[in-house]
Every structure is written in C-alpha cells, then in structure tokens.
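Just below is one structure, and these are the notes that go with it.
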Amino acid sequence: IADLDQAIELAPSFGRARYYRALLHSLANRPQRALEDLDVALRLDTGDLEALTLRAQLFSQRLDNEKAVLDYSAALKISPDSAVLHYNRGVALSALKRSEEALRDFGEAIRLNNSLAEAYNNRCLLRLTLGEDAREAGTDCDKALKLQPANPVFHESSALVWMKRGDYARASFHFDQALAADPRRALALFGRGYTRNLAGDGKSGDRDMLVALSIDPTVRDVFEKRDSR
C-alpha cells in the first residue's frame with residue numbers, strides 16, 4: 001500500500017494504481033477506503049471491468065444491492081458472456097426480491113457454464129420461493145448436488161424441496177448429510193427436528209430443534225421463511 005500511495009501521489013490519474021490499492025484495502029477489511037479508490041478509478045476509466053466487479057462485490061457485502069446490480073449490469077455490457085457476473089447479479093437481484101430477473105440471470109449463468117453448481121442451487125431455492133413445481137426446483141437441486149455432492153448448503157436446499165413434496169424421510173436424509181459436514185448447522189438441525197416431528201418422532205425432533213435454537217435463537221424464523229417457499 002505504501003508503494004501504491006507513492007505511485008498515486010506521483011501520478012494521480014493512474015487508475016490502475018487506484019484499483020490495486022482498493023483491492024488491498026478490501027482484503028484488509030477496509031471497504032470504505034476501497035470504495036473511495038474504486039470511485040476514483042471508475043471516474044478515470046468507466047470501462048474498468050475489474051474495478052466495476054470489485055465495487056459490485058463490496059456493495060453486495062454491505063447489502064447495498066441496488067448499487068451492486070448497477071455495477072454488475074455495467075460490467076455485463078463489457079463482458080456479456082461472463083457466467084459469474086450473471087450469477088452474482090442474480091444473487092443481488094434475489095436479495096431485492098426481483099425474482100423473475102434473478103431467474104433469468106441464473107438461467108443465463110447456467111447456459112454459459114453448466115458446471116456452476118451455485119447457480120443451480122440458487123435457482124432451485126428461487127423456484128420454491130415463487131411457488132413453482134417442487135419437482136422442477138428439485139431438478140436444479142439434484143444437478144447442484146451432482147456437481148458438489150458433499151456441499152451442506154445444497155443438501156439443505158434439497159431437504160426443503162423434499163419437504164415441499166411431503167417426503168419427510170428424504171428431507172431428513174439430506175439434513176443428516178448437511179450435519180455430517182457440520183454438526184452445528186442450526187438450520188439443518190432445526191429442519192431435521194421439524195421433519196422428525198412431522199414423521200411422528202416428536203421426542204428426537206424436539207431435541208434437535210432445541211439444540212438448533214441454542215446455537216441460533218433466530219433459526220426458527222429463518223427456517224419458516226425458507227419452508228414457506
């Protein structure tokens with residue numbers, strides 16, 4: 001950073017120095033200073049793809065998804081065939097409840113890179129949110145798990161699909177798989193307890209739910225929001 005400070009002092013209009021200093025500030029958990037440098041870098045060069053992408057990521061981290069979408073959209077005008085940019089914009093659009101637009105971005109990300117497991121998983125969850133056929137959502141979750149069979153997040157998503165379909169045994173299996181990767185996943189614990197209760201095993205179900213609430217007292221709300229999909 002000291003070298004970049006000197007470079008910028010010697011050549012204030014050298015935008016790449018601003019970008020690299022912003023990158024280092026972001027890695028050092030100084031997002032505001034990174035954003036200040038990126039603002040200058042993008043005033044100097046509005047088509048700096050790396051600066052646009054980094055600023056969009058920082059906006060997303062700060063939950064400023066409106067600005068993130070604007071920067072991802074500008075980046076996509078420069079690099080329209082980037083699966084990752086479509087995926088990341090889809091995530092920001094999902095956070096803004098712009099679900100149909102997010103679905104299009106996830107679909108385009110998959111078209112451009114059919115091994116992007118996260119895009120399948122997010123489209124699966126979004127389809128559940130929109131009340132679409134759980135079987136169609138499940139197809140996406142199955143593809144995500146085929147690509148990353150040990151991913152606990154994907155197992156949780158599949159569990160929610162099977163809950164929607166009324167197959168509590170399969171839902172419980174996927175919660176088990178998520179917990180095998182991390183025994184303290186509050187969502188998976190609460191979900192497994194919930195499905196066990198529905199399947200008639202109230203004693204062990206209640207125990208799972210109590211442990212989950214001791215880890216994260218808000219998990220009931222998070223789970224019910226996801227389950228409502």
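K143 fulfils the conditions (1) within 20 Å of R55 (Cα to Cα); (2) among the charged types (D, E, K, R); (3) assigned to a helix (DSSP H, G or I) except for a single criterion, (1). All but one of (1) in contact (Cβ under 8 Å) with a residue 12 or more places away in the chain; (2) of a type outside the set (F, W, Y); (3) open to solvent by 30 Å² or more (accessible area, probe 1.4 Å) hold for D201; which doesn't? Answer for D201: the failing condition is (1). With respect to (1) in contact with a helix residue (DSSP H, G or I) (Cβ under 8 Å, 6 or more places away or on another chain); (2) modelled with pLDDT under 90; (3) among the polar types (S, T, N, Q), the lone exception for S172 is condition (2).
What number of residues within region 7-27 are within 27 Å of Q61 (Cα to Cα) and either free of Cβ contacts under 8 Å to residues at least 12 places away in the same chain or open to solvent by 60 Å² or more (accessible area, probe 1.4 Å) (or both)? Even if it seems obvious, please write down each step before you answer.
Residues of region 7-27 that are within 27 Å of Q61 (Cα to Cα), as a first pass: 8, 14-27.
Adding the requirement that they be either free of Cβ contacts under 8 Å to residues at least 12 places away in the same chain or open to solvent by 60 Å² or more (accessible area, probe 1.4 Å) (or both) leaves 14, 16, 20, 24, 27.
So the answer is 5.
Figure legend. Inter-residue proximity from region 129-142: first residues under 14 Å from L103 (Cβ atoms), second residues part of a helix (DSSP H, G or I) and open to solvent by 70 Å² or more (accessible area, probe 1.4 Å), beta-carbon distance below 9 Å, spacing 6+ or different chains. Indicated pairs: T129/R226; L130/E100; A137/K164. Condition first: within 13 Å of the chain's Cα centre (by Cα), in a helix (DSSP H, G or I) and of a type outside the set (A, V, I, L, M). Can you find one or more residues in region 90-99 that meet it? Yes, because at least one residue in region 90-99 is within 13 Å of the chain's Cα centre (by Cα), in a helix (DSSP H, G or I) and of a type outside the set (A, V, I, L, M). Please verify whether A109 is in contact (Cβ under 8 Å) with a residue 24 or more places away in the chain, closer than 15 Å to N88 by Cα and within 16 Å of the chain's Cα centre (by Cα), treating the condition exactly as stated. Criteria met by A109.
For the residues V84, V40, V91, V69, the requirement of being open to solvent by 70 Å² or more (accessible area, probe 1.4 Å) and hydrophobic (A, V, I, L, M, F, W, C) singles out V84. In summary, R62 fulfils each of the numbered conditions (1) buried (at least 19 other Cβ atoms within 10 Å of the Cβ); (2) in contact with a Pro (Cβ under 8 Å, 6 or more places away or on another chain) with the single exception of condition (1). Number of residues in region 128-150 that are of a type in the set (D, E) and exposed (fewer than 13 other Cβ atoms within 10 Å of the Cβ): the value is 1.
Would you check if D176 is under 23 Å from the mean Cα position of the chain (by Cα), surrounded by fewer than 24 Cβ atoms within 10 Å (Cβ to Cβ) and assigned to a helix (DSSP H, G or I)? Yes, satisfied. Here G200 clears all of (1) over 30 Å from E101 (Cα atoms); (2) of a type outside the set (A, V, I, L, M); (3) part of a helix (DSSP H, G or I) except the condition numbered (3).
The values are calculated or read from the model by the stated rules, or taken from the named source; none is laboratory data. In this text the structure is predicted, and so the values were computed from the model without any measurement. Cβ sites come from the backbone with ideal geometry, for glycine too, and all protein chains shown count toward neighbours. Just the protein is used for accessible areas: all its heavy atoms, side chains included, with ligands, DNA and RNA removed. Shrake-Rupley method; radii C 1.70, N 1.55, O 1.52, S 1.80 Å.
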